[in-house]
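Report on the structure given below.
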Ligand code: ADP
Ligand code: MG
């Protein structure tokens with residue numbers, strides 16, 4: 001077949017197909033036009049999932065009579081004058097092709113009137129041809145009706161799904177804008193039934209809960225971070241939720257709902273390693289000066305690109321990290337938090353290399369009254385229980401710790417109960433403490449250095465990484481063929497001989513370690529050196545462990561991504577007990 005120029009109709013239909021895919025895409029474009037026109041109220045009406053009728057009515061600025069015909073022309077827009085403007089787009093629309101595309105593939109009616117004109121206009125177009133134009137009088141605003149979508153594109157029409165499916169997609173599209181614009185009233189009706197109705201609200205969180213009522217069940221952390229080039233606001237689920245968290249992950253960039261991989265990655269990594277069953281929920285809004293953002297990389301504008309991806313990543317990552325950390329600290333409200341040196345001091349400061357439970361004499365000086373509603377796992381030393389401290393308030397005496405099966409620590413906080421996995425928590429603490437002091441991790445010198453037998457491969461690996469290990473507090477030397485002698489350990493780590501054997505085995509089996517990855521080494525040391533399940537802890541040890549955990553940057557997860565803390569709020573418990 002020889003090359004021919006396509007007819008105007010064919011070309012227009014093909015182009016229309018890029019923007020207008022299904023009822024939801026029509027609604028998206030029309031709602032964006034209403035928002036661009038400064039509407040305070042947007043009403044959407046559907047019949048047959050939008051296949052028969054889609055109508056979007058607004059109270060925006062309207063279109064002047066002499067411009068209505070222009071509005072449906074391809075590349076006709078009031079929002080962009082030159083290509084320079086493309087670098088500073090502040091409106092939803094700018095390509096001027098939505099109405100023109102719709103006009104090709106349905107019967108399109110525009111009824112509009114501006115604030116300052118006596119008359120409005122009504123324009124009817126079918127398959128690109130103007131069928132009728134007349135003057136009308138109506139309230140200021142615009143109503144666009146799309147009837148019989150794709151009547152002249154049977155293949156496209158056949159591709160549409162059933163009414164309820166298409167309706168759901170429309171709802172999804174509108175909810176995005178409802179989430180973003182809390183001060184605008186939205187209403188969606190289908191075959192005269194009201195599906196969604198959102199009242200204006202000045203408070204963003206109110207609108208979020210209106211649109212996503214399932215989030216009323218979870219606790220959210222608010223995030224707010226500002227910089228000249230970028231601001232981030234929004235909400236993310238608190239990482240220690242118990243139970244199901246629905247999967248809602250929304251990012252908006254300069255007012256557009258977008259999929260942005262860099263942002264997604266930064267959120268996920270800022271959130272911390274995930275255990276399998278917690279899907280982080282978030283609704284986040286990024287705003288940058290328009291010239292920093294390219295919004296014109298996708299016809300449906302679902303993708304954008306920020307000028308400096310590295311900055312974007314770091315900014316989002318830090319914002320999420322900080323918010324979660326701040327929350328973790330405030331979590332200790334009602335918790336006997338003492339920032340005095342003694343409670344933050346490693347609680348096993350004189351660790352021996354045997355896995356020997358600390359004796360009462362080994363305990364750091366206690367800074368809280370040990371009164372507790374739970375019975376402590378060991379008798380409280382006399383000098384501690386006679387401590388002359390006063391009780392600050394009545395609730396104070398209620399706080400205490402309880403060790404469940406020598407594995408989990410239970411503690412009361414003001415909003416309920418936290419359960420800490422002692423091994424995972426200690427692992428997190430050791431890991432962060434090692435990484436914080438890369439050059440000189442505090443160490444304990446072993447009174448009796450430990451000799452560990454290695455395979456020849458393991459000892460080769462050891463030779464390669466021994467300098468790094470020394471900086472992490474684990475000083476060891478080769479000692480005879482296939483033997484190392486361990487002289488120091490990171491302070492507060494607890495290693496028995498078999499733990500050390502495992503440690504060197506894992507170093508040898510981990511590619512990253514052989515490549516000199518210190519994070520990984522620290523993670524492995526933390527894993528083997530952390531107290532184990534089954535290890536009995538005293539009250540002050542438990543207190544210190546929890547205080548130090550919440551001083552960590554990522555307190556909610558161990559370096560492997562397993563949770564360290566689970567919280568049950570009073571509300572959770574009340575619900576479980578059917579109190580409401
Ligand atoms: P774009 O939004 O990219 O400019 P459209 O084809 O969606 O292109 O709209 C073309 C023009 O029609 C807009 O630039 C605007 O001037 C006008 N317009 C469309 N819808 C409305 C509306 N609801 N209220 C006021 N003006 C509108
Ligand atoms: Mg538009």
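Per-structure values
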{"read-out": "Ordering of 520-528, 313-321 by burial proxy (mean other Cβ atoms within 10 Å per residue, highest first)", "value": "520-528, 313-321"}
{"read-out": "Fewest-first ranking of 551, 558, using other Cβ atoms within 10 Å as the exposure measure", "value": "551, 558"}
{"read-out": "Taking only Cα atoms of the stretch 422-580, radius of gyration then Dmax in Å", "value": "18.0, 69"}
{"read-out": "The stretch 161-201 shape via C-alpha gyration tensor axes, a/c threshold 1.5", "value": "oblate"}
{"read-out": "Inter-label distance, nm, simple model (7 Å from Cα along the C-beta direction), residue 511/residue 69", "value": "6.7"}
{"read-out": "Cα-projected label distance for residue 468 with residue 455, points at 7 Å along beta-carbon direction, nm", "value": "2.0"}
{"read-out": "Segment residue 562-residue 436, extension gain: residue separation times 0.36 nm, minus the distance between their alpha carbons", "value": "43.3 nm"}
{"read-out": "Nearest-0.05 FRET efficiency for residue 222 and residue 159, computed from C-beta distance (R0 35 Å)", "value": "0.25"}
{"read-out": "Burial ordering of 207, 518, fewest other beta-carbon atoms within 10 Å first", "value": "518, 207"}
{"read-out": "Rg to Rh, two decimals, where the stretch 121-246 supplies the alpha carbon set and Rh follows Kirkwood", "value": "1.09"}
{"read-out": "Mean Cβ neighbour count within 10 Å, used as a protection proxy, ranking 50-58, 257-265 highest first", "value": "50-58, 257-265"}
{"read-out": "Stretchable slack from residue 576 to residue 326, in nm (0.36 nm times residue separation minus alpha-carbon distance)", "value": "87.2 nm"}
{"read-out": "Spatial separation of Cα centroids for the stretch 95-132 and the stretch 35-62, in angstrom", "value": "13"}
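Each reported figure results from applying straightforward, stated rules to the coordinates on display, with no laboratory input. Source: prediction; values computed, not measured. So basically every Cβ, Gly included, is an ideal-geometry build from the backbone, and we count neighbours across all protein chains shown.
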